[in-house]
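Q: Could you have a look at this structure, given as structure tokens, before my questions?
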Amino acid sequence: MNASIIDPLQGDFPEVIEEYLEHGCMKCIAFNRRGTLLAAGCNDGSCVIWDFETRGIAKILHDNECSSPITSICWSKYGHRILVSAADKSLILWDVMSGKKITRIVLQQTPLQARLHPGSSTPSLCLACPLSCAPMIVDLNTGNSTLLKVSVSETSNGLIPPSRNKSSDGITSFTPTAACFNKYGTLVYLGNSKGEILVIDYKNGEVRAVVPITGGSVVKNIVFSRNGQYLLTNSNDRVIRIYENLLPLKDEVRTLDELNENCGDVNNSEKLKVIGSKCLILFREFQDAITKVHWKAPCFSGDGEWVVGGSACKGEHKIYIWDRAGHLVKILEGPKEALIDLAWHPVHPFVVSVSLNGFVYIWAKDYTENWSAFAPDFKELEENEEYVEREDEFDLIPDTEKVKAPDVNEDEEVDIISVEKDATFSDSDMSQEELCFLPATPSRDPLEQQDKCAESSSKLLDSNNTGSPSEEAGPNGLMMNHASSLLEDDAGRFKRKRKPSEKVLELQAEKVKKSSKSSKLAKPKNKSLVDQDNVIRQVGQVTFRLQLP
């Protein structure tokens, strides 16, 4: 859609399904930082990377050691690496450009989510959230892991085990815990089963602040906006909450040290809550007050102006979109398939969702052409009207401007390789070479298509050899076409004779009539004499003259 006819007054959020992607059974998705590549984890343990602009497959990553479903997928800061977690308790780090596996680590528990450290272009640390134990920091080089605290004691600074609940069969189960890095990876924000947000310095494992959540429900999801100014939580009470980050983006640790010193001698748990009140403040709450649905994979838009969440109800594919002020602006209804994951494009108003059947749906904005929004003097016509233009009205350079010297430097070289800086990524370290696109590698057609192509080519050759229905047999067994004919000269070479005009055909017909009349009046000639004469034969609309020896 041409940007010149887009109404700027329309909301900048998706509205309809523009396209869908299909490759095996996909389970989870993630965009790179610029949104040029989309990675999807599949049910067979492979990872497919789509070029989002062409909607074609750019690369497929597959490890023979992993055949279990992918549970999460994450890009590195500059897109050179991808980390996937699988249901076989493994973490796999890939090199995107070469498609080679860098390392594979097997944990004690199945990781539901894994995130690379956002502060490095080639990260060696990741944050993993297993199914039945506390979140952990994993060193991808050595395979060592460090468990994080999930709660703080009221009387001491000790570690409290993860929340446990006994089921009906007497087996002790653990409640999964959600966690994420902040923007630059200096702190970890963890949402526990007690309805609290813990701010943790992962380097020493110390809990620096605690923020209680209203209602005290289990936190299922926790994620930061791209600019790091807002934090989103999704709790078991079916409410999505947005918190504003009060800490400076690049000096969080130093600010926490200052807050800790100012609190003085206060009980540890109370001190952490006081510090937490100066770290995060509740900004907005989102929920469906009528149906009270659970939410799946909530997140921010690329610019943080919109909040999106998918309905966790079975058999429906609904996506709710709110503005940051708390107003519900759109409900997107897709096919009758449950939604399992979604992501908002980092730059453009696209939402990509994954269905239970493994399809990826691309939601885009349904733009309405409105030229008057950009040209106030533009008048829309109900029907065509005649208009007489000026002589130079549509010239590239009107006559009135031809006298002026052009301002364009025709000798200047145009750079088509460098990527322009985007305001969305103005805070990034652009000295690093960012991976935005992957080179296209053509793939062979399947054997079935090759067989079909071979059959069609053989049929084409047969039809060329046997001749078309418009061809007729001519003298000496040659196939003659109405449009053109083949004539053999004295040297045995064939010449192409074009179709004669109507005037030539009329003259030839008159000659045939005259020759027939003269033959009736004349005496019959000897057979040898007839063979030496020129024989005139007419086939269809074309007359051929053959010179006999």
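Q: Yes or no: residue 143 open to solvent by less than 20 Å² (accessible area, probe 1.4 Å) and part of a loop (DSSP other than H, G, I, E, B)?
A: Taking the combined requirement at face value, the residue does not satisfy it.
Q: Suppose we keep only residues that are open to solvent by 40 Å² or more (accessible area, probe 1.4 Å) and free of Cβ contacts under 8 Å to residues at least 40 places away in the same chain within region 58-87. Which one would you say is nearest to residue 136 (Cα to Cα)?
A: 87
Q: Mind listing whichever residues of region 196-213 are surrounded by fewer than 19 Cβ atoms within 10 Å (Cβ to Cβ) and under 37 Å from the mean Cα position of the chain (by Cα)?
A: Result: 201, 203.
Residues are listed down the side, and each one gets a yes or a no for (1) within 19 Å of residue 30 (Cα to Cα); (2) charged (D, E, K, R); (3) touching a Phe, Trp or Tyr at 6+ places or on another chain (Cβ under 9 Å):
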{"site": "325", "(1), (2), (3)": "no, no, no"}
{"site": "350", "(1), (2), (3)": "yes, no, yes"}
{"site": "353", "(1), (2), (3)": "yes, no, yes"}
{"site": "357", "(1), (2), (3)": "yes, no, no"}
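Q: Please state which of the following conditions residue 325 fails to meet, knowing it meets all the rest: (1) open to solvent by 10 Å² or more (accessible area, probe 1.4 Å); (2) small (Gly, Ala, Ser); (3) farther than 15 Å from residue 243 by Cα.
A: Tallying (1) open to solvent by 10 Å² or more (accessible area, probe 1.4 Å); (2) small (Gly, Ala, Ser); (3) farther than 15 Å from residue 243 by Cα, residue 325 fails exactly one: (3).
Q: Restricting attention to region 223-241, which residues are under 23 Å from residue 130 (Cα atoms), open to solvent by less than 10 Å² (accessible area, probe 1.4 Å) and not hydroxyl-bearing (Ser, Thr, Tyr)?
A: Within region 223-241, 231, 232, 234, 240 qualify.
Q: Take region 179-196 and flag every residue that is in a strand (DSSP E or B) and under 13 Å from residue 220 (Cβ atoms).
A: Across region 179-196, the qualifying residues are 179, 180, 190, 191.
Q: Check whether at least one residue in region 367-389 is surrounded by 10 or more Cβ atoms within 10 Å (Cβ to Cβ) and closer than 30 Å to residue 243 by Cα, and report yes or no.
A: No: region 367-389 contains no residue that is surrounded by 10 or more Cβ atoms within 10 Å (Cβ to Cβ) and closer than 30 Å to residue 243 by Cα.
Q: Can I ask one more? Mind checking whether some residue in region 105-121 is in a loop (DSSP other than H, G, I, E, B), free of Cβ contacts under 8 Å to residues at least 60 places away in the same chain and more than 23 Å from residue 176 (Cβ to Cβ)?
A: Within region 105-121, none of the residues are in a loop (DSSP other than H, G, I, E, B), free of Cβ contacts under 8 Å to residues at least 60 places away in the same chain and more than 23 Å from residue 176 (Cβ to Cβ).
Q: Scan region 242-258 and tell me whether some residue there is under 32 Å from the mean Cα position of the chain (by Cα), surrounded by fewer than 21 Cβ atoms within 10 Å (Cβ to Cβ), closer than 29 Å to residue 306 by Cα and free of Cβ contacts under 8 Å to residues at least 40 places away in the same chain.
A: Yes: region 242-258 contains one or more residues that are under 32 Å from the mean Cα position of the chain (by Cα), surrounded by fewer than 21 Cβ atoms within 10 Å (Cβ to Cβ), closer than 29 Å to residue 306 by Cα and free of Cβ contacts under 8 Å to residues at least 40 places away in the same chain.
Q: Restricting to region 338-359, what's the tally of residues that are outside any strand (DSSP E or B) and open to solvent by 30 Å² or more (accessible area, probe 1.4 Å)?
A: 6
Q: Filter region 283-306 down to residues that are in a strand (DSSP E or B) and touching an Asp or Glu at 6+ places or on another chain (Cβ under 8 Å) and give me whichever is most open to solvent (accessible area, probe 1.4 Å).
A: 296
Q: Given the conditions (1) over 18 Å from the mean Cα position of the chain (by Cα); (2) open to solvent by 30 Å² or more (accessible area, probe 1.4 Å), which single one is not true for residue 97?
A: Every condition holds for residue 97 apart from (1).
Q: Turning to a different aspect of this structure: Within region 274-291, count every residue that is of a type in the set (Lys, Arg) and over 42 Å from the mean Cα position of the chain (by Cα).
A: So the answer is 0.
Q: Looking only at residues that are touching a residue at least 12 places away in the same chain (Cβ under 8 Å) and within 47 Å of the chain's Cα centre (by Cα) in region 261-273, which one is surrounded by the most Cβ atoms within 10 Å (Cβ to Cβ)?
A: Out of the qualifying residues, it is 272.
The values are calculated or read from the model by the stated rules, or taken from the named source; none is laboratory data. Bear in mind that the values here come from a model prediction, so they are computed numbers and not experimental data. So basically every Cβ, Gly included, is an ideal-geometry build from the backbone, and we count neighbours across all protein chains shown. Only protein heavy atoms, including side chains, enter the accessible area calculation; ligands, DNA and RNA are left aside. Shrake-Rupley method; radii C 1.70, N 1.55, O 1.52, S 1.80 Å.
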